[in-house]
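Everything on this sheet refers to the single structure shown next.
The values are calculated or read from the model by the stated rules, or taken from the named source; none is laboratory data. If you're wondering where the values come from, they're calculated on a predicted model, not measured in any experiment. With ideal geometry, Cβ positions are generated from the backbone for all residues, glycine too; neighbour counts draw on all protein chains shown.
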Amino acid sequence: MSMTRRKIMSNALGLAFAALTSTLFAAPAMAQTATQSLSSESVIEQIKQDGVIRIGLSIFTPWSMRDVNGELIGFEIDVGRALAEDMGVDVEFVPTAWDGIIPQLVSGNFDVIISGMSITPARNLTVNFTQPYAYSGLTILANTAMTEGFTLEDYNSPDVTFAARRGGTPATTIAQLFPEATLLLFDEDGAATQEVLNGNAHANMQAEPTPSIEARRYPDILSVPFDQTFLATGEGFAVRKGDIDALNFFNNWISVRQANGWLKERNDYWFKGNDWEDQVAQ
């Protein structure tokens, strides 16, 4: 091989090695830059910068409700305040109609939804969910006189009327389980319950413990007729899609608060006891 050809091959190998070396060293740097960019765009950084976390929620007992003074109380309120305290920021709760709560999150009107939202595939197409921080199931709350002697199958009739909160999981579940029944939709669970109390609807369906609480409150009118829970799925925080930093932080926060027993203690207080009922207008 001539000296000239050796020199050309040597130069070519050198250039190839230099290019390979440059690529090997550049890849981690590019990955780090991309990671830093994603992190800086996370809502977590915005919360830290603003010094406040804005939480979207809808009013329904005992997740979040108004006390006799008009102040927000409930399981979600405890969760939101503890989360803000651990982040070292203030908290702002943004009450929002349930059927608009996901669009409001996507539009950036608040940072996260913490509102007893069941994790469903349909919702997951629009938002990302954390791991569950609570579990609840749905039960039927019936007007006792109007449904006396009813079997579960009897509720699936055009002669039966259900009432439910618009856009909520109970409304979807009622439509799936009792497609023949009439379904009246309202903005709040309280209005749906009032329809059953007034005899304008045979029943509604809500997450426990609300049906059992209402049945104890109006024992002569309301009852939970079946010892059966429907759709006992987990509830998660909802965040805007693509924010892996927020998912990581919220998931870790939930894990810590589950491990130290705090979430269970607060859940038991609001869902299994009634010591708080005198704080709410009857």
Please verify whether Ala82 is assigned to a helix (DSSP H, G or I), under 19 Å from Leu231 (Cα atoms) and out of contact with any strand residue (DSSP E or B) (no Cβ under 7 Å at 6 or more places or on another chain), treating the condition exactly as stated. no
Hey, Ser212 hits all of (1) in contact with a helix residue (DSSP H, G or I) (Cβ under 9 Å, 6 or more places away or on another chain); (2) in a helix (DSSP H, G or I); (3) touching a residue at least 40 places away in the same chain (Cβ under 8 Å) but one; which does it fall short on? (1)
Within the range 225-249, take every residue that is closer than 21 Å to Ala82 by Cβ and either aromatic (Phe, Trp, Tyr) or modelled with pLDDT under 95 (or both) and give me the one that is surrounded by the most Cβ atoms within 10 Å (Cβ to Cβ). Phe237
Is it true that some residue in the range 260-277 is acidic (Asp, Glu), assigned to a helix (DSSP H, G or I) and in contact with a Ser or Thr (Cβ under 7 Å, 6 or more places away or on another chain)? no
Could you tell me whether the range 122-137 includes any residue that is β-branched (Val, Ile, Thr), modelled with pLDDT under 95 and assigned to a strand (DSSP E or B)? no
Test result for Val196, at pLDDT 95 or above, assigned to a helix (DSSP H, G or I) and crowded, with 16+ Cβ neighbours inside 10 Å: yes
In the range 170-186, the residues that are touching a residue at least 40 places away in the same chain (Cβ under 8 Å) and in contact with a Gly (Cβ under 9 Å, 6 or more places away or on another chain): none
